[in-house]
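Only one structure is covered here, and it is reproduced in the block below.
Please treat every number below as a calculation from the coordinates, not as lab data. Everything numeric in this text was worked out from a predicted model, so none of it was measured. Here Cβ is always computed from backbone atoms with ideal geometry, including for glycine, and neighbour counts include all displayed protein chains.
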């Protein structure tokens, strides 16, 4: 093979709750992201709440956790909520899409905010003003011949569904989601061909954030297992809907995948790395192979966890697997069973140690020059379906100079290494790759920390960690570098 195909989809990626803003404008309802405070490196974000007796507070909901008894999520005075303003794509979409077009984007990955379409998640009728906003966005993308890749649920669940049903623990969310998906498919028929059902579905794992991924206000291992099952079922039904009524549409699954390395050659470390890899991959096993892997079912049996299975579910999961595998990959993780090694960092590097062969940024994210080739080989050789890299990037505390320039050579070096790695997987290993969407192409709010200073973009947005600033857009050095990369179809040497 000779590099990337002529129709390779170069572009960038964002998420509504980190980028869109306008959190209550034009009839939008609250989502789980809208009651989620800002944080910082090693300072977790919190969910704010109110009780009937007037008591208020904020609670960390990472992992297996719950709000206090009687607490209902609510927006409170005295807290900063990054999603409320984000970097205001809602009012800057024309300007931002023009900047994407200037770089030569072939594709833009974005998410639709479910609660902008159905404010409570399961309303009888959709919010027309919300639909009109995305009409305008897709028309603007069409003007520049940029293909939209749309995530239907990206780290936000309509808050009403979380309060009434504990989010995805309840099967009610399945029907509500499929109705939402059909509304979107029908409205944007002929405008959107590619969809993803759930962002980083494996982040429902107890080690990550079941609140963010599944809207769970009360999370134990049984609730998490039920939520994952219901999301698998909703995905399968969405694939079924597309194949039966919208055959021009392709529906992919999306995985957060950071290959896990063993710190030593001790077989115990090797087993730990295997276990950690499988904790991510079993989610893709269900969506791409149509069934739960035996090791997961054995684990559930040991823990007396029961799946909320109904008649016909298993046939749906088996028959309606996703059309392609999309994934995020920012770097790799290193694990050990020994009491040695410096603790690892990074939002997704849970219970890890620092890899002595890699360099890391201020948030502990290590740059691995071979990780995309490794990840692509793992995923393609397991599922034998086309791949799509829909998130890859590096956050950095960029400095804007007096003349307005941002010299982010560290990001250019990161891009060179990662694009070289995925190019080797295509050229040397023959792996089919649909596209590459760099994460946070326009500066947005960090999902992990809620910060603004942890910037990813090719375009600088003038705003600080508390929402102060002009929101003015300006081009970083990477803007011009990525433009040349796309123009040469990845010939970056």
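Summary table
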item: Largest to smallest principal axis extent of the C-alpha atoms in segment 232-319, angstrom; result: 52, 32, 14
item: Rounded to 5, the percent of DSSP beta bridges in segment 299-442 classed as antiparallel; result: 45
item: Whole-percent pair-distance distribution, where bins are 20 Å wide, for the alpha carbons of the chain; result: 24, 62, 14, 0
item: Peptide ranges 112-122, 10-20, 79-89 listed from the most packed, as the mean C-beta count within 10 angstrom indicates; result: 10-20, 112-122, 79-89
item: Nearest-0.05 FRET efficiency for residue 378 and residue 297, computed from C-beta distance (R0 25 Å); result: 0.70
item: Burial ranking of peptide ranges 393-405, 193-205 (average Cβ count within 10 Å, highest at the top); result: 193-205, 393-405
item: Value of relative contact order over the chain, rounded to a whole percent, pairs C-alpha under 8 Å and six or more apart; result: 18
item: Mean ellipticity per residue at 222 nm, deg cm²/dmol - from DSSP H runs of n ≥ 4 across the chain, formula -39500 (n - 2.57); result: -11500 deg cm²/dmol
item: Extension gain, residue 337 back to residue 357 (0.36 nm per residue minus Cα-Cα distance, nm); result: 5.3 nm
item: Among 299-312, 175-188, the order from most to least packed when residues are scored by Cβ within 10 Å on average; result: 175-188, 299-312
item: Long-range tail of P(r) for segment 1-159 (Cα pairs > 28 Å, %); result: 31
item: Label zone at residue 56, where the point sits 7 Å out along the Cα-to-Cβ direction: segment 9-43 residues whose backbone N lies under 14 Å; result: 35-37
item: Rg/Rg_ref, segment 114-214, where Rg_ref = 2.2 N^0.38 Å and atoms are Cα; result: 1.13
item: Contour excess over end-to-end distance, with Cα ends at residue 142 and residue 274 and 0.36 nm allotted per residue; result: 43.1 nm
item: Separation in nanometres of the label points that stand 7 Å from Cα toward Cβ, at residue 135 and residue 399; result: 4.8
item: Chain lengthening between residue 472 and residue 314 when straightened (0.36 nm per residue, less Cα-Cα); result: 51.8 nm
item: Estimated FRET transfer efficiency (residue 120, residue 42; beta-carbon r; R0 41 Å; 0.05); result: 0.70
item: For segment 1-95: span of alpha carbons on each principal axis (Å, largest first); result: 65, 34, 21
item: Distance (nanometres) between label positions extended 7 Å along Cα→Cβ at residue 488 and residue 462; result: 3.3
